[in-house]
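Take a look at the structure set out below.
Bear in mind that the values in this text are calculations on the coordinates, not laboratory data. What you are looking at is a predicted structure, and each value in this text was computed from that prediction instead of being measured. Glycine also receives a Cβ, built like all others from the backbone with ideal geometry; neighbour counts cover every protein chain displayed.
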Amino acid sequence: MRRSVVLSAVAALLASLGVVLAGVVARTGGSAVGRPPVPAAVRADPAATVLCAWDRRRAAAYEVGSVRVLRSLYVVGSSAGRADARLLGAYLARGFVVRGMRMQLLTVTVLHHDETTWRLRVTDRLTGAVAVGGAGEVALPTDAPTARTLTLVRGRDTRWRVSQVSSG
């Protein structure tokens, strides 16, 4: 009997916490603890929506340590994809995965857009990343804002993949 009362209290507490967090997310426009704020003008941009979804899939690949999943986010043969896969592979070789990786999107400028391509000038920075392995956790440094030009291509499966990344 006592165990069911404790479990009910824990369930009620977790449900209340979920309602509170949902309220925080709604008031902050999708920004919650652990997720850097995104300027309102950027949040409303369809290009930002595509890019943020791509960044979340990339962070998930790093978190589970899947080079295969990470490569699937890039067009086959993309030099940016090869470099990203090498970076994740280096973490894995040292026994780490990367958790909490968030790209704080500061600005997005659409240079070109059609049904199959987005070419974007983006300023963003890495925040919140922690390398986790057998020896514990190592917080990765927060990145300075960096400007890049990205080209994303929509595949036949309707998923957006990065084909090119360049400075500026």
For SER72, SER78, SER166, what ranking results if the residue with the fewest other Cβ atoms within 10 Å of its Cβ goes first?
-> SER166, SER72, SER78
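How do 87-99, 122-134 rank on mean C-beta neighbours within 10 Å, highest first?
On the way: 87-99: 15.4, 122-134: 17.1.
Packing proxy ranking, top to bottom: 122-134, 87-99.
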From a point 7 Å beyond the Cα of VAL64 in the direction of its Cβ, which residues of the range 137-168 have a backbone N at a distance under 15 Å?
-> none
How do the peptides 108-117, 62-71 rank, highest first, by the average count of neighbouring beta carbon atoms within 10 Å per residue?
-> 62-71, 108-117
What percent do you get for the relative contact order of the range 34-167 when only Cα pairs under 8 Å and 6+ apart count?
-> 24
